[in-house]
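Participant: Below is one structure. I have some questions about it.
Taken together, the values in this text are just the output of simple stated rules run on the coordinates, not laboratory data. None of the values given here were measured: they were computed from a predicted structure. Heads up, the Cβs are rebuilt from the backbone with ideal geometry, glycines too, and the neighbour counts pull from every protein chain shown.
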Amino acid sequence: RVWVPGPGFALVLVLSCPAERVAHPSCWDSRRCLRDSIRRVAGRRGVCRRPRPPTSSHPKAGFECVLQQGSGTFVVESVVSSVVPPPSKGGRILVVSNGAYGVRMAKMCQTHGMDYEVLQYDETSGPTVEDVVGRLRDSQGRRYTHVGVVHHETTAGTLNPIEPIGRAIREFDRDISFIVDSMSGFGAYSVDLQAANVHYLVSSANKNLEGVPGFGFILCSRERLQREGANARSVSLDVLEQWQAMEGNGQFRFTPPTHALLAFQQALLEHEAEGGSEGRLARYTANFTTLKAGMAQMGFHPYLAEDKQGVIITTFLFPDDPNFRFETFYSRLSDRGMVIYPGKLTKADCFRIGTIGRLFPHDVTNLLAAVREILEDMSVALPVRQVTPAAASSVLRSFA
């Protein structure tokens, strides 16, 4: 079992999709079906619909779905580098960051020579509407054209308030485009794309939808993409051209991730059978609740405050015990077929346990039993005392 925030442990049916289907013509049509299916996942609340033909009453309404090869980071960069105009054309983006993935988005902006600012928060906190609007207002005469934020920041496991932020952006300036990295949110946490004023939502096949790595996707406003998409700084990551190719012949412009696409077809069927995003979130919540209760019995408590904590991944601080060595703890769990995640915080030594993928509460119970046995074998006193962030060192920075 893999206890990380993705790619997670996938259903055998997903992993065993027949390779001989790759060259079949039905595979070409399946890409259109996949795009429609992703829209349906987003539209279970009736908010993400296929664009209607432009008319006087419904001009360019709705959202498109664009598939993009590569990792989730590739897909985030494809959006950022395609839709934000260069400084010479007035493009400017505000990146709201409270973890490593917000920092990564800012790094993309820097690399591509964009005019950008970062609204930076501590890893234990999250953005507020007041702060975001305040920064937009204090633009020093150079208005922002875009705002980017991570939906579920897996650095510590923080769930950020996407919908209130998006609504506030629209109230402040309807022309600002809102980019959401929902890599570890989409497929479990529902977002009303229209109500939340989201213009570009990015996610991946191998997170909450429980497919395998190989591609991600963008749910985007057709009107915004057509208006802003001609700013690409890369050939292979050009979102507008990728969408135009898929609309034209249904094909990827370059080598497609065929096996990942076939596996994703099955993953979407499993997602629907489980009750869609609501059903999947219910299972992940049950996993998290079981983990939280079991770890508390051993003295561990989530690093984040309850109002900031999501159910995708949970951060726990190291025990304040001289017998605890993370490398030993990690290796012994791995020897039992249980892989957890090293910490990624900058101010505290910690480890993270993900509760997504094909995992259920009984799997969590088995993990908890293994954690207890290993700690006892290491002569770590239970219940543990946890290291406080102020006292923590940075011994794991190289390991992470």
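Participant: Please report, in debye to the nearest 20, how large the charge dipole of the stretch 113-203 is about its Cα centre when each Lys and Arg carries +1 at its beta carbon and each Asp and Glu carries -1 there.
Facilitator: 280 debye
Participant: To two decimal places, what compactness ratio does the stretch 274-359 give when its Cα radius of gyration is scaled by 2.2 N^0.38 Å?
Facilitator: In units of the 2.2 N^0.38 Å rule of thumb, it is 1.16.
Participant: For a Förster distance of 22 Å, can you work out the FRET efficiency between the beta-carbons of Phe360 and Ala273, rounded to the nearest 0.05?
Facilitator: The value I calculate is 0.90.
Participant: Given the chain, what count of lysine pairs have C-alpha atoms under 27 Å apart, with each pair 8 or more places apart or on different chains?
Facilitator: Taking the chain as the scope, the lysine pair count is 15.
Participant: Contact order normalised by length for the chain, with contacts defined as Cα pairs under 8 Å and 6 or more residues apart; what percent is it?
Facilitator: 22 percent
Participant: Tell me which of Ser221, Ser139, Gly72 sits at the most positive position along the dipole axis of the stretch 12-273, charges placed on C-beta atoms (Lys, Arg +1; Asp, Glu -1).
Facilitator: Ser221
Participant: Still on this structure, I have one more. Under a point-charge model restricted to the Cβ atoms of Lys and Arg (+1) and Asp and Glu (-1), what is the dipole moment magnitude of the chain relative to its Cα centre, in debye to the nearest 20?
Facilitator: Approximately 900 debye in magnitude.
Participant: Looking at the chain from every direction and averaging, what is the projected area of its Cα convex hull in nm²?
Facilitator: 20.1 nm²
Participant: While we're looking at this one, here's another question. Quick one: go through the stretch 232-256 and flag any residue whose amide nitrogen is under 19 Å from the point 7 Å out along the Cα-to-Cβ line of Ser88.
Facilitator: 232-235
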